[in-house]
Amino acid sequence: MQSIILVGKPNVGKSSLFNKIVRARVAITSDIAGTTRDTNTREVNINGKKALLIDSGGLDESDELFRAVKQNTLARAKVADIVLYMVDGKNYPDDEDKRLLFEILKLKKPTALVVNKIDSQKDEQRAFEFASFGIKEIFFVSVSHATGLDELYAWLATHLNEPFLESDENENLEDFLQNFEENGDNEFKFKTINENVIKVGIVGRVNVGKSSLLNALVKENRSVVSDIAGTTIDPVNESLFYKDKSIEFIDTAGIRKRGKIAGLEKFALNRTEKVLENAQIALLILDANEGFNELDERIAGLISKHYLGVIIVLNKWDISDFNFDKVCKELKFERFKFLAHAPIISISAKSGKRMSVLLDKILEVFSNFTQKIPTAKLNELISAATKAHPLPHDFGKAVKIYYAVQYDSAPPKIALVMNRPKALHFSYKRYLSNQIRKEFAFDGVPLIIASRKKGQKDE
């Protein structure tokens, strides 16, 4: 897939344009220079053409951190297919912008100069001064007012080759249940899952090693890493191919205690949850050397809330004095009871130890996450389970499960079609869930069991 990168000095509107093209508030925007520090990527549709859009950190050399950001941005620009160099149209052209643009032009890629913040006639008159840069492709836009963008999109589309295809909607559960008994085919048509692409969110407290882990996984300095707490603000996307699978990692901003969240990091907290909404598997990174606290539990709760596949990753294990078995017991039976199904892996992101073990576990959990249980086998199991442990009566009335059916995957969802769904106690659901987990591979995966009558909502 072709890629488009947005580059320029800080606070020229790169992240705002990124959000406009993506049609969602993905990148964090603010008036604070240097808000975006890492590159952020999303697949986009530009006039019917598919592309990977990249929002980059500002080109700035004011301190050591921003010099690292600039180096990271220029490295990404070298491998991108199209470059949009953005400037602030509220200011007159300066020599630094001209020098940086010429540096980009040396890459010999389709490049356009985008003059942003053109909100008035006076701004337009000032913007023509940028013609002195001598670049052929120049666009005057106002991202905030959505003007001048159509011309930019049209130019981009001329340099893109792959068409953007919309996916079809699939049959829903209600339709299936209405026709289940009359239909000879008793298997549900699940929503389409690309089984060759796995989306993995990397989450955890500040400075537990999330960015170091991403760099170790992709084997390059993809995220900006420093000892400054809260270096990562925007999510960072990077993909690698492993055993014929494309794994897309998202490195999220570290989460601090609420009382310590200030300025940009308050937005980063919301962005982390947004990442989880779009992920399939979460890597919960814990600092094995530091131990665990209440905040780790809250972050784990976000994963549980979104019903993601999950792997608990104990980072910095090479310098930890904790006993592995005792730690696993503490996490599964005390701190993270709601994530008791999660496998636990110890690693060292700094040294790159056990990365292959982690990647193999991601493939395993994803396979479990997208698993489809044949209806016949599922009903055999439910029948045997109810015989071994009969359903309790509801005020003297018999409670019956007519049949069970998996109606979706990612995560696996199972409907128990019953005469009295409200009478199914949560403890009996847990019993059935445990029986299903014994028979089928669901390590690292939440299992959703819904009791329902035909034509009624989940109960």
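The values are calculated or read from the model by the stated rules, or taken from the named source; none is laboratory data. Keep in mind the model is a prediction, meaning the values are calculated, not measured. In this analysis, Cβ positions are derived from the backbone assuming ideal geometry, glycine residues included, and neighbour counts consider all displayed protein chains.
Only one of the listed residues (Asp60, Asp31, Asp38) is modelled with pLDDT under 85, touching a strand residue (DSSP E or B) at 6+ places or on another chain (Cβ under 6 Å), within 27 Å of Ser211 (Cα to Cα) and not in a helix (DSSP H, G or I). That residue is Asp38.
Name the single residue, out of those in the range 432-454 being in contact with a helix residue (DSSP H, G or I) (Cβ under 7 Å, 6 or more places away or on another chain) and assigned to a helix (DSSP H, G or I), that is surrounded by the most Cβ atoms within 10 Å (Cβ to Cβ). Going through the qualifying residues, I end up with Leu432.
Within the range 390-398, is there a residue that is outside the structural domain of Gly201 (by TED's automatic domain parsing) and surrounded by 14 or more Cβ atoms within 10 Å (Cβ to Cβ)?
At the first step, the residues of the range 390-398 found to be outside the structural domain of Gly201 (by TED's automatic domain parsing) are 390-398.
When the remaining residues are screened for being surrounded by 14 or more Cβ atoms within 10 Å (Cβ to Cβ), the result is 391, 394.
Among the residues of the range 390-398, at least one is outside the structural domain of Gly201 (by TED's automatic domain parsing) and surrounded by 14 or more Cβ atoms within 10 Å (Cβ to Cβ), which makes the answer yes.
Looking across the range 107-144 at every residue that is farther than 24 Å from Ser3 by Cβ and among the charged types (D, E, K, R), the one that is surrounded by the most Cβ atoms within 10 Å (Cβ to Cβ) is identified as Lys117.
A single member of Leu149, Leu156, Leu107 is modelled with pLDDT of 85 or more and more than 29 Å from the chain's Cα centre (by Cα), and it is Leu107.
Does Leu6 satisfy the criteria of being at pLDDT 85 or above and not small (Gly, Ala, Ser)? So Leu6 passes the test.
Would you be able to say whether some residue in the range 76-95 is modelled with pLDDT under 90, surrounded by 22 or more Cβ atoms within 10 Å (Cβ to Cβ) and more than 19 Å from His159 (Cα to Cα)? Scanning the range 76-95, I find no residue that is modelled with pLDDT under 90, surrounded by 22 or more Cβ atoms within 10 Å (Cβ to Cβ) and more than 19 Å from His159 (Cα to Cα), so the answer is no. Inside the range 110-123, residues that are under 34 Å from the mean Cα position of the chain (by Cα) and not in a loop (DSSP other than H, G, I, E, B) make up a count of 6.
Taking residues in the range 336-355 that are within 17 Å of Asp296 (Cα to Cα), and partners anywhere that are at pLDDT 90 or above and assigned to a loop (DSSP other than H, G, I, E, B), the pairs with Cβ atoms closer than 6 Å and at least 6 places apart or on different chains are Ala342/Gly444; Pro343/Asp443; Pro343/Gly444.
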